[in-house]
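First the structure, in the form of structure tokens, and then the observations on it.
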Amino acid sequence: QTAVTYRSSDGLSWNGPYTLSHLATVIAFANNIFVAVSGGTIDISPDGINWTTCASPGGAISAVGFWNGLFVGVGDGGVVASSDGTNWTKVSSVIAATVACGDQGFVALYPNLALTDLSTSPDGTNWTVRGFDGPTGGVAFGNNSYVVVGNGISQIVPTNSQATPLLSGQIVDQGFKLSALTQPSYSYHIQSCTNLASTNWWNLCSYTNTQALTVITDSIPIDRPQAYYRIITP
């Protein structure tokens, strides 16, 4: 099977095909260069027509992004990075299937059978892996938020000393399971109420975090028609 690319200035009329040395599954553009990846191969082009092949030092790449002067590729072989798209270095052993980048750095996802690994990096080089009991389909950045999609939708902010906590939930046999993604060493309250107009929120639990993910289950009484939840930090 021949690998080719097509090029368009308006998304309607396309020119090509142009020969590509390897089949590519994802592509990114930044710093006046296209970066197309497939497996352990990276192809770069200044115009989408003429391509040069590079090798990935981190093995197979499944997604690539660019932010703050750095291309970042993620995959089963770890995280690779390049400032010019040509010279790549393996910077982390963190495994991910998809990556997004925005104002506060990079967010990557890797769905495991038991728990999704959500990894964050402020610079594309230093990564922190966090458990994430939420959707696993993909992640993107827009309108000052990182949004993860799958069976549900969640918003997150990458880890830093002022990171916004994330509270997600799902119905289980015992009630409603809440998963809080928070900063270690900070104190939090998970609260609930039955009416958003009410100021009467009560504490379900209060804790000082010692790990990335905290999970609790709220046993909902039969006579409670609805419930709302929030997480706050003093």
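The values are calculated or read from the model by the stated rules, or taken from the named source; none is laboratory data. Note that the coordinates shown come from a computational prediction; the quantities given were computed from them, not determined experimentally. For neighbour counting, all protein chains shown are included, and Cβ atoms are generated from backbone atoms with ideal geometry for every residue, glycine included. Heads up: the accessible areas ignore ligands, DNA and RNA and are worked out on the full protein's heavy atoms, side chains in. Shrake-Rupley method; radii C 1.70, N 1.55, O 1.52, S 1.80 Å.
Please determine, by comparing only the residues of the stretch 191-234 that are outside any strand (DSSP E or B), open to solvent by less than 50 Å² (accessible area, probe 1.4 Å) and of a type in the set (A, V, I, L, M), which one is farthest from L166 (Cα to Cα).
A227
Taking I42 and the conditions (1) under 21 Å from Y146 (Cβ atoms); (2) open to solvent by less than 60 Å² (accessible area, probe 1.4 Å), which numbered condition does it fall short on, given that it satisfies the others?
Only one criterion in (1) under 21 Å from Y146 (Cβ atoms); (2) open to solvent by less than 60 Å² (accessible area, probe 1.4 Å) is unmet by I42, namely (1).
Return the only residue of S168, S145, S154 being over 19 Å from V72 (Cα atoms), modelled with pLDDT of 70 or more, among the polar types (S, T, N, Q) and buried (at least 20 other Cβ atoms within 10 Å of the Cβ).
S168 is the lone residue from the list that is over 19 Å from V72 (Cα atoms), modelled with pLDDT of 70 or more, among the polar types (S, T, N, Q) and buried (at least 20 other Cβ atoms within 10 Å of the Cβ).
Step by step: first the residues of the stretch 45-88, then only those that are assigned to a loop (DSSP other than H, G, I, E, B) and of a type in the set (F, W, Y), then the one that is most open to solvent (accessible area, probe 1.4 Å). Which residue is that?
Looking at the filtered set, the residue picked out is W51.
Among F29, F34, which is the only one that is open to solvent by less than 90 Å² (accessible area, probe 1.4 Å) and closer than 17 Å to V80 by Cα?
Sole residue among the options that is open to solvent by less than 90 Å² (accessible area, probe 1.4 Å) and closer than 17 Å to V80 by Cα: F34.
List every residue pair whose Cβ atoms lie under 6 Å apart, where the two residues are 6 or more positions apart in sequence or sit on different chains, the first residue falls within the stretch 22-38 and is over 18 Å from G77 (Cα atoms), and the second residue, located anywhere, is assigned to a loop (DSSP other than H, G, I, E, B) and open to solvent by 50 Å² or more (accessible area, probe 1.4 Å).
Final answer for the pair search is I33/P46.
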